[in-house]
Amino acid sequence: MKYILSVLVCFLLINNLKAQERYLTKQGTISFFSHSPVEDIEAINNQVLSIVDLETGDVAISILMKSFMFEKSLMQEHFNENYVESDKFPKAKFKGKILDAENLENKSKVSIEGDLTIHGITKKVKVEAAIEIDKDSVVLKGVFTVLVADYEIKIPSVVKNNIAKTIEITFSLNHKKIK
């Protein structure tokens, strides 16, 4: 079922991007890190779907929340059930554009701006990213932060000191040319 959903999402995203300079990954990586005086929390997701269109600068990313892996299974359970409510909000999504998308082949850094949806809440974000382009691939890498409160993720008072108010998100998306 996950595979069918991934293929369907991929098909829909590809059809929404009209140019011919499209690049895709189904195995991008997104991780997040929360540092607090009590503990550090880190999770990684290696099943990130992303499409980039170099002609238009369009970028689309889809993340299955239950695919984040934690060091401790109890953290993973709390993340999915209590915080991001993965059954109710199964995906995080980003839809945006690379700013100043002209002559991307000559750039090593880009700004990407768009809508990030987490926990059913959509916020505008602007992210700086490293970009590497060759004839068959586009790699985007970067780090940015989000405020937990911006996405209405409720942290119980008993663990409020365990989870940072600002979460660092790191991404590495190695896209291959769609032929």
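The values are calculated or read from the model by the stated rules, or taken from the named source; none is laboratory data. Bear in mind the structure is a predicted one, so any value in this text is a computation, not a measurement. Every residue, glycine as well, gets a Cβ built from its backbone with ideal geometry; the counts of neighbours run over all protein chains shown. The protein model used for the area step is the full one, side chains on, heavy atoms only, and it has no ligands, DNA or RNA in it. Shrake-Rupley method; radii C 1.70, N 1.55, O 1.52, S 1.80 Å.
Here are some notes:
- Selection from the range 95-107 of residues that are open to solvent by 30 Å² or more (accessible area, probe 1.4 Å), touching a strand residue (DSSP E or B) at 6+ places or on another chain (Cβ under 7 Å) and over 21 Å from Ile44 (Cα atoms): Lys97, Leu99, Glu105, Lys107
- Applying the condition of being out of contact with any helix residue (DSSP H, G or I) (no Cβ under 8 Å at 6 or more places or on another chain) and over 20 Å from Ile167 (Cα atoms) to the range 59-94 and asking which residue is surrounded by the fewest Cβ atoms within 10 Å (Cβ to Cβ) yields Lys88.
- Enumeration of residues in the range 143-169 that are within 10 Å of Ser36 (Cβ to Cβ) and under 18 Å from the mean Cα position of the chain (by Cα): none
- Those residues of the range 35-51 which are within 18 Å of Val84 (Cβ to Cβ), in contact with a strand residue (DSSP E or B) (Cβ under 8 Å, 6 or more places away or on another chain) and either hydrophobic (A, V, I, L, M, F, W, C) or at pLDDT below 95 (or both), in sequence order: Ile41, Ala43, Ile44, Val48, Leu49
- Subset of the range 67-99 [farther than 16 Å from Leu49 by Cα and in a helix (DSSP H, G or I)]: Ser73, Leu74, Met75, Gln76, Glu77, His78, Phe79, Asn80, Glu81, Asn82, Tyr83
- Every listed requirement among (1) touching a residue at least 24 places away in the same chain (Cβ under 8 Å); (2) more than 14 Å from Thr25 (Cβ to Cβ); (3) out of contact with any Ser or Thr (no Cβ under 9 Å at 6 or more places or on another chain) is met by Ile44 save one, (3).
- Sole residue being surrounded by 19 or more Cβ atoms within 10 Å (Cβ to Cβ), modelled with pLDDT under 95 and not hydroxyl-bearing (Ser, Thr, Tyr), chosen from Leu24, Leu54, Leu12: Leu54
- Within the range 27-51, the set of residues being open to solvent by 30 Å² or more (accessible area, probe 1.4 Å) and among the hydroxyl-bearing types (Ser, Thr, Tyr) comprises just one member, Thr29.
- Complete set of residues in the range 108-118 that are surrounded by 17 or more Cβ atoms within 10 Å (Cβ to Cβ) and either over 13 Å from the mean Cα position of the chain (by Cα) or closer than 11 Å to Ile98 by Cβ (or both): Val110, Ile112, Gly114
- Subset of the range 130-179 that is without any contact (Cβ under 8 Å) to a residue 24 or more places away in the chain and part of a strand (DSSP E or B) - its residue that is surrounded by the fewest Cβ atoms within 10 Å (Cβ to Cβ): Asp134
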